[in-house]
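What follows is a set of notes on a single structure, which appears directly below.
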Amino acid sequence: MTETRIRRPSLVDALFPIVVLISLLAAAVYLYGDDASYGPNQIALLFCAGLASLIGLKNGLTWREIETAMVRGIAVALGAILILLMVGALIGTWRLAGIVPSLIYFGLELMNPALFYAAACLICAVIALSIGSSWTVAATVGVALIGVASGLGLSLPVAAGAVVSGAYFGDKISPLSETTNLAPAVAGSELFEHIRLMLWTTVPSIVIALLIFLVLGLNARIPDAGVDRIAPLLAGLESQFHISLLHLVPLGLLLFMALKRMPALPAIFIGALVGGVWALLFQQEAIAVQAGVADPDWALTLQVIWQTFFSGITVETGDAALNDLLSGGGMASMMNTVWLIMCAMAFGAVMEKAGLLARLIEGLLGMVKGAAGLITATLGTCFGSNILTADQYISIIMPGRMFREEYERQGLAPVNLSRALEDGGTITSPLIPWNTCGAYMQSVLLVPVTDYLFFAFFNLINPVLALAYAWLGIKVLRLSPPQKASA
């Protein structure tokens, strides 16, 4: 009965909200620049969710069905939202505890400015490979590397691009990564077979990215003022916080928990709590500064640490750059990102419930011819899903379900599909400002996605290389007769 009540949307129905959204997002960037993600993009997403809702109502959906779909769509992102809030708490307590300042301090002492971009990318890649989490790497080591780049007078967008590139490379080839396990599960391939095939696109991409970062670093004009400022920055860090190798212990603990496959939310929460304990043990002077008194009692000390979880810290040194470097964090700093994610998920949910996404896919499949065309369609659909649904998990699951039968019908091994889901979905997710991953990276690195977008070389090169492989027939695996029969 429901089938007859709901009319099939037309291609115009499906395209209309997309065209309007693209136009509004472009207008937001033109009018507001880097501030587009602080309200204008959210309004554009909600407006287009309203347009998609009207189309759904026209085609027979009820408002209750649309509203339920939006609620469920937002619920899909609640896990990411909780992690995001907890990361805000961790950044706040780790700044107060001297953990982030210590990482910045040692980085300023040891890092060669000319090799910084390549080294930052490589460091993030190795750690992400070890723990399987690009988010954890960005929120810890990534934050410190951005601080080092600022201290050295280097380009923050390029530094952020290096962090994102390295973090996503390591994440993608790590068997500990959630998405690396999800893609073969959806496609029907085997995990390590999936990783082996991904190496053909990911390794050349990261090598090219590292070479570009190396060239950028060697040719970068390091401002004399930036080099001259290292000593004052080191002195400023020492004046505000107790700096020591002991402050690297919480980072080691967090990485250990990640290696042991502890879920991200409790691991980051424990990391934030340890940060509070470290602040109590080592940063009495910093706590006194935050409290505004020379010798805070236990109640005021507890209040400062507690407050750091939700509002972060504010540092006043007389040096504006150092203040920006050391201040911030707290759950409240993530609220704009939460707003963005909720609006994006609501729009994606209405588009899916109204059948508009499925209608777009149908039109795409009608134009697909051969293995190269099918892989191209998969890459494009994953990227489009990242734009429309704003979630990397949906950009893997939805195209995986839609294209799986077609891969089998054309005699292609399912590992081709799982690799395409990652190349087009996971890796492009941090390039979209309103996607959960893009919004997250912007929140922790404090560099707008639109600024680092063109410097996340690994994330840009990998999908292009995957596309080239498809059309050149490189590592496009076919099902052998026994495999097809067993399927």
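The values are calculated or read from the model by the stated rules, or taken from the named source; none is laboratory data. This is a predicted model, so every value here is computed, not measured. Positions of Cβ are generated from backbone atoms using ideal geometry, with glycine treated the same way; all protein chains shown enter the neighbour counts. Note: accessible area is taken over every heavy atom of the protein model, side chains too, but ligands, DNA and RNA are not part of it. Shrake-Rupley method; radii C 1.70, N 1.55, O 1.52, S 1.80 Å.
Observations on the model:
- Degrees between helix 298-311 axis and first principal axis of the chain (Cα, 0 to 90, nearest 10): 30 degrees
- Solvent-accessible surface (1.4 Å probe) assigned to Tyr393 amounts to roughly 80 Å².
- C-alpha long axis of helix 40-58 to longest principal axis of the chain, angle in °: 20 degrees
- 14 Å reach of a label modelled at Lys58, 7 Å along Cα-to-Cβ, counting backbone N of segment 20-43: 20
- Largest first, the three principal axis extents of the alpha carbons in the chain are 73, 48, 42 Å in whole numbers.
- Cα centroid separation, segment 262-295 to segment 46-86 (Å): 37 Å
- Mean Cβ neighbour count within 10 Å, used as a protection proxy, ranking 241-247, 467-473 highest first: 241-247, 467-473
- At R0 = 30 Å, FRET efficiency that the Cβ-Cβ distance of Leu300 and Asn323 yields, to 0.05: 0.85
- If you take all other residues with their beta carbon under 14 Å from the beta carbon of Ile243, and give Lys and Arg +1 and Asp and Glu -1, the sum is -2.
- Database remark: amide H of Leu412 closer than 5 angstrom to the amide H of Leu479 (H placed geometrically; neighbours at sequence offset of 5 or more, or on other chains; Pro and chain starts carry no H).
- Spatially close lysines, pair count over the chain: Cα under 26 Å, gap of eight or more or interchain: 6
- Calculated FRET value between Val126 and Lys260, using beta carbons and R₀ = 22 Å, to 0.05: 0.75
- Segment Leu31-Ala235, length gained on full extension (0.36 nm per residue, minus Cα span): 69.4 nm
- Convex hull volume of segment 7-120 per residue (C-alpha atoms, cubic angstrom): 179 Å³
- Rounded to the nearest 10 degrees, the inclination of helix 249-259 to the longest alpha-carbon principal axis of the chain is 20 degrees.
- By accessible area, using a 1.4 Å probe on protein heavy atoms only, segment 330-487 has 65% of its surface on carbon and sulfur.
- Semi-axis lengths, Å, segment 177-225, gyration tensor of Cα atoms, sqrt of 5 times eigenvalues: 37, 12, 6
- Accessible area per residue for the chain, computed on protein heavy atoms with a 1.4 Å probe, is 42 Å².
- Distance between the pseudo-spin-label points of Trp200 and Leu115 (7 Å out from Cα toward the beta carbon): 3.4 nm.
- The calculated 222 nm mean residue ellipticity attributable to helices in the chain amounts to -23500 deg cm²/dmol, summing -39500 (n - 2.57) over DSSP H runs of n ≥ 4 and dividing by all residues.
- Euclidean distance between Cα centres, segment 357-400 to segment 128-177, Å: 28 Å
- FRET efficiency, Ser244 to Ala332 (Cβ-Cβ, R0 35 Å, nearest 0.05): 0.75
- Alpha-carbon gyration tensor eigenvalues x 5, square-rooted, for segment 301-434, Å: 43, 16, 12
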